[in-house]
Amino acid sequence: MNPDGRPSRRGRASRQRLLRRFRVFRLVRSSKGPEPGGPGEDEAVRRRLGVGFWLAVIWLVVMAFIALFAPMLPFADPTKVGYSGPREPPSAGAWFGTDALGRDVFSRTMYGARISLAVGGFAIVFGMVVGGALGILAGYFRGRLDQAVGFAFFVLLSFPALVLAILITATLERSLLVVSLTIGILAVAPVGLLARASTLVYAEREFVAAARVLGARNGRIIVRELLPNVVIPMGALTLLGMAVAVVAEGSLAFLGLSVAGDEAISWGKMIVDGAGLRDLQNATHVAMFPVAVMFVTVLALNFAGDRIRQYFDVKELAF
Amino acid sequence: MSTAGTAEPSAQAEPAASPERSDSDVSAADGDRAGGAETGAVSPDVAGEGSPEDEGSLVAPLDATTTVAVQGAGTGVEAPADPLPLAGGTLRVAVDGEADGLNPAANNFAVSAYVMAYPMFDPLAYFDAEGNWIPYLAESFTSNDDATVWRMRLREGVRFHDGTEMTADDVVATISAQLADPVISLVYRNTIEAGDFITKIDDLTVEMRVARPSARFPLALTGQLGMVLPSEWLELAREDPTLNQKPVGQGPFMISSRVQDVATTLVRNPDYWAADRMPVYVDRIEVYPITDMVIAAERLSVGDLDLAITTNAEATLIMRESAGVRTIENLRSDEGFAVINSGRPPFDDIRARQALTFAADRDGYLELIRQGTSPPADTMFHPDLIWHNPDVKQETNMPERAGPLVAAYCADHPENCSAGRINMELHFGGPSVENVRIADLQIDAWEEFFNVTPVEILQDKLINEVVLGNYDVVNWRQFGTIDPDSAALWLECDSIGFISLNFARYCDPARDALMLESRAIDDLDRRVEIWRRIQEMIRDSYTYIFYYHTNWAVGARDGVHRICGQASPDGTELWCNNSGRVLLNGVWLG
Amino acid sequence: MARFLIRRLVLLVAVLFAVTFLGFSAMNFLGDPLFNVVGLMAELDCEAIEAGSAEDPSLDRARSDCETVAEARATYHLDRPVPVRYLLWVGDMVTGDFGTSFQNDQPVAEIIREKLPETLILLVMAQIVSLGVAIPWGVVAAYRANRAFDRGSTVASFGLLSVPNFALGVVLLYLLSLRWQIFPSAYESDSVVGLVFSMVLPALTLGLPLAASYQRLLRTDLITTLQEDFVHMARAKGLPPMRIMFRHALRPSLFSVVTVFGVSTGAMIGGSLVVEQIFGIPGIGREIVTAVVRDDFPVVLAIVMLVACTFVIINFMVDLFYSWLDPRVRAR
């Protein structure tokens, strides 16, 4: 928190602490945060994306493609009960086997990408639009607005996130929109803090001062001068934020509180469906295949996101 | 592992656990039955002028039953005759849910609550091994000629756990409090007038006036309504609701400690009023609420528990497969079914109801959800029961018959259809992995003819939507009556209203007349005739899709004896495993 | 320092107010408190019934129901607007009255007292697991920085951080409980030993990802420390490398870990929601999920406040820790 709105040392320290908290969520990394390569990594490494990055990107592109075009791809009907016998192990016909209702686990896992990626994508976009706007405004105008926004962010961060999420999804209609919005709201505060911090840095720069001297209005300065600069660090963190959102959706689904309906197949839902002790023992594949695909997807998001963050050197920009 | 346990479709969503509603049933073939020896020593001293006329058994002869006592793997099929009972030990029991409280006058009891409450409260009446009511805590019941006024005589010398003697005042206070409770009284609304229902005649006699002739009224006192509290304690509990967790009864066990969601411990009542004729063996009963009964079954199989009570298919399978564990399964309990709301479109049209019924996938349900642990249901009665009408069959798995009906309906009501399919909602309780699975299965079968929108709402709120009629189709569990008179509540026209316990909102005055007649008479043949006719009427109304008869399975370690074969204070052998409400009073460990 | 403390305290109180008000409003907006108190009767159209116009077959019964509803409204102040109710609730809270559960009339304070120990045991064990894993792991990785082990462990920690905790729980349950049968699959309360033993899997589920993030922090800080003069000095003196590591380098490198140790406890409470579900632990996390699902307002609010308090207080303590460590922080 920086209650007086000035970029004091104290404010800076507290901001870092807040962000450090969110490093636990792997959304934002502060300047003092550790780097995967550590101090040993040099500029050249940082400026190269590497093979791993491209592998991750390929995986994500494939998943996104599957999510978008699943109905047109030659998958089995994922809601078809009795596609084969119940709990059958993987075979040539059903690559990932079948679940308790004899549905094709491979097809369901592929369709599962739809909800996960849709919720993840929407949530992070919402967080960036709302959080980004609030953060930029707070960082640019400072003063009371900054105090109010900063306080609101801090309150949001103090509220146990998953509790807020289940509070909303347990009582409202559990549509794709509600679930996405819920997770989007959770993304507002961390994204907003980042935007505010970046804005604070740029608002002091010469080109902003120059624009102001030339008589540019606030609106114009924000849109033309600040936004493009602030969007870069925020954009670099998109994939990392999406990873968090995908996991959050999975947690909700695991608690039975994500998007409802037989068509709404989600990885979290599939995992909990196969996670009964007896199923886990006798039909391990029902839970483990979605676990594996979800893990690889989150890993790819994290890995690619982390490389992008390093590539754009966001840690320098963050403060 | 599931989020809300392995809740059965609507086990917790049913309204007030009605003692009437689930008067069901017993597993007659428990290996422990030889344990009648001890009860035989008790002379049936108080036959009671009001004990029921012998109506004969309400179940078919034993050899015709499908009730099973499955021995655990590795043990012989025939259990050896009981050795002499041993005293002492702790009985550890798992139930599938926690009770909000154990005060029968304030908390609505589900099965798990009954398992904890019966050892603490002797009910005023109970069932004998044939399914007829018998006096239990009460000494006798008598009624006037048209069975509208019932007089109940209490036993002398019954003492509560706090040492005070039980009198008619306590009975009047308790039953009045129960009928004043909006939820507990819900299921008695049509039959019992709250205001001047019960009056004290003398210290040991009360009189009850029933709104309708009711030849078997004491059945209502076999459950929660028949559990008596000290009147002074009732006053205290009204002021301090935390007392609901530690009620004072008169049964063979007293509450010792209770931590919600963890364990409830009962200890033997040293001054039990009937200790001379109903010996109590174990020192302590510990009841663990375990929402995932698969975990409970696993723990039972390794000996961490002595008894587990469940309807969960997988838990039942595990218990059947475990060495050292036997199961006592009661298949004649509640029926699992889908209710169709005939009170609003689209299902106010019988063609839509028929189409839904024909397209339903009962075979898949039984195989994939129940996994073979529960038999298919055709009517509200298990084939073992004399009421069962063998000519009534549940029509499902014939989608070819649904198509023309839907087409005809949609031609008449295009506003309720889109793309040639009828629009509907399917309600079910959650969050629950199993319920989602059930809905997915149902929708898959229906979606050729119906646009189904699944509505998963919280168990606690589901009942709200259902009684208010804000649903099209809902998954439910109910009936399971050994004596069907009480089922009238769920079927009759009078139950339809703002709050409707006739969930299907289907009114048939002819059916009502038959049910009223049945309630008032003792002629078993005529009653059977009536109820067989009613099953046909229910079938023809297409308001319920019966899927299965619930299997209430009690898994017990081999060392746990006399789960069945217990006797009443008068020495009459009792029903066992009454829809999971197992009496633990006379159990012993060896 | 005093002014700094006061400012922090004011902030703490303000945040608590805001968090609880947010929770209070959300519950009232999203749920129906009346329904939880009187059930179905909440749906009665009492005005119409009083007027005698509602078409209810049993009007007398309905009237008495409406009295019950009115009584409940008065008891729980449901006839007042939300902000007033909030203030009343705060008033009760300040006087130590946490209210009683709608569900079972138990005092909320008692529920928390019953459920909190399980969660605390879980959190403590998870922290033990994470530190126990992270410190040796970080030390070895830093000692051989950028060698094969270090590179491998970087990948491993990245992987661990990418497993959703519910998925990790399921995998651990399968491997360690069902397949290798080392740990029990669910909560057991029979004995202290059994309890602790049954908490190992949940603690691993919560603790392993945390260990990965600790390891990364520790490794980075250690590498920095190892380049400091006093380490070079010690090395010049010929001290054995492991002695240098543990006696000299480790302690100054724990700064980041200690910071995150505090805040991660707050984050872990969120994780415990899911983990307690998986392993059937009757703790605070499972309690709040149940309470939310059943609209048990007093319990939800009390737990939300508890968690928010913990979070804010930990932040506050980290602040103090900072300012104690680095006087420049409080200088301004």
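The values are calculated or read from the model by the stated rules, or taken from the named source; none is laboratory data. Just so it is clear, the structure is predicted and the values come from calculations on it, not from any experiment. Don't worry about glycine lacking a Cβ; one is built from the backbone with ideal geometry, like all the others, and counts go over all protein chains shown.
Numerical summary
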read-out	value
Selection count where residues are more than 13 Å from chain A (Cβ to nearest Cβ) and either part of a helix (DSSP H, G or I) or under 18 Å from residue B:476 (Cβ atoms) (or both), scope the range B:400-445	17
Some residue of the range B:205-216 being at pLDDT below 95, within 14 Å of chain C (Cβ to nearest Cβ) and more than 20 Å from residue B:154 (Cα to Cα)	yes
Number of positions in the range C:177-203 that are in contact with a helix residue (DSSP H, G or I) (Cβ under 6 Å, 6 or more places away or on another chain), more than 8 Å from chain A (Cβ to nearest Cβ) and more than 22 Å from residue A:252 (Cβ to Cβ)	10
Residue B:486 vs. criteria over 29 Å from residue B:299 (Cβ atoms) and free of Cβ contacts under 8 Å to residues at least 60 places away in the same chain	no
Count of the range A:264-286 residues which are within 14 Å of chain B (Cβ to nearest Cβ) and under 23 Å from the mean Cα position of the chain (by Cα)	8
Answer residue from the range B:256-277, given it is surrounded by fewer than 21 Cβ atoms within 10 Å (Cβ to Cβ) and of a type in the set (A, V, I, L, M) and is nearest to residue B:122 (Cα to Cα) among those	B:275
Single residue of the range C:160-176 satisfying the filter (more than 7 Å from every other protein chain (Cβ to nearest Cβ) and over 14 Å from residue C:200 (Cα atoms)) that is surrounded by the most Cβ atoms within 10 Å (Cβ to Cβ)	C:165
Per-region count, the range C:163-177, residues in contact (Cβ under 8 Å) with a residue 60 or more places away in the chain, touching a Phe, Trp or Tyr at 6+ places or on another chain (Cβ under 8 Å) and not aliphatic (A, V, I, L, M)	2
Options C:235, C:216: the member that is more than 25 Å from residue A:285 (Cα to Cα), among the basic types (Lys, Arg) and in contact with a Ser or Thr (Cβ under 7 Å, 6 or more places away or on another chain)	C:216
Residue match in the range A:189-211 (condition: closer than 30 Å to residue A:304 by Cβ and not in a helix (DSSP H, G or I))	yes
Residues of the range C:204-252 that turn out to be over 30 Å from residue A:298 (Cα atoms), of a type outside the set (A, V, I, L, M) and touching a helix residue (DSSP H, G or I) at 6+ places or on another chain (Cβ under 6 Å), as a count	3
Complete set of residues in the range B:224-263 that are of a type in the set (A, V, I, L, M) and not in a loop (DSSP other than H, G, I, E, B)	B:225, B:234, B:236, B:237, B:243, B:254, B:255, B:259, B:263
Residues of the range B:207-254 classified as buried (at least 22 other Cβ atoms within 10 Å of the Cβ) and either free of Cβ contacts under 8 Å to residues at least 60 places away in the same chain or β-branched (Val, Ile, Thr) (or both), total	4
Residue match in the range C:139-147 (condition: outside any helix (DSSP H, G or I), in contact with an Asp or Glu (Cβ under 7 Å, 6 or more places away or on another chain) and either among the hydrophobic types (A, V, I, L, M, F, W, C) or surrounded by fewer than 22 Cβ atoms within 10 Å (Cβ to Cβ) (or both))	yes
Scope the range A:151-191; condition within 19 Å of residue C:297 (Cβ to Cβ) and out of contact with any strand residue (DSSP E or B) (no Cβ under 9 Å at 6 or more places or on another chain); matching residues	A:159, A:160, A:162, A:163, A:164, A:165, A:166, A:167, A:168, A:169, A:172
Pairs with Cβ under 7 Å, 6+ apart, first in the range A:292-306 and in contact (Cβ under 8 Å) with a residue 40 or more places away in the chain, second not in a helix (DSSP H, G or I)	A:294/C:164; A:298/C:162; A:298/C:164; A:299/C:162; A:302/A:26; A:302/C:162; A:305/A:237; A:306/A:36
Check on residue B:513, of a type in the set (A, V, I, L, M) and in contact (Cβ under 8 Å) with a residue 40 or more places away in the chain	no
Given (1) within 14 Å of chain A (Cβ to nearest Cβ); (2) free of Cβ contacts under 8 Å to residues at least 12 places away in the same chain, index of the condition residue C:238 fails	(1)
Residue within the range B:187-195 that is touching a residue at least 40 places away in the same chain (Cβ under 8 Å), within 16 Å of residue B:238 (Cβ to Cβ) and within 22 Å of the chain's Cα centre (by Cα) present	no
Residue among C:223, C:269 that alone is under 18 Å from the mean Cα position of the chain (by Cα) and within 10 Å of another protein chain (Cβ to nearest Cβ)	C:269
Options B:408, B:419: the member that is surrounded by fewer than 19 Cβ atoms within 10 Å (Cβ to Cβ), at pLDDT below 95 and more than 25 Å from residue A:275 (Cβ to Cβ)	B:419
Residue, nearest to residue A:197 (Cα to Cα), within the range A:152-176, restricted to residues that are in a helix (DSSP H, G or I) and more than 7 Å from chain C (Cβ to nearest Cβ)	A:153
Among the candidates B:533, B:437, residue that is modelled with pLDDT under 95 and of a type in the set (D, E, K, R)	B:437
In the range A:183-242, residue surrounded by the fewest Cβ atoms within 10 Å (Cβ to Cβ) [restricted to those that are at pLDDT 85 or above and of a type outside the set (A, V, I, L, M, F, W, C)]	A:238
Test: residue in the range B:433-448 that is buried (at least 19 other Cβ atoms within 10 Å of the Cβ) and farther than 30 Å from residue C:277 by Cβ	yes
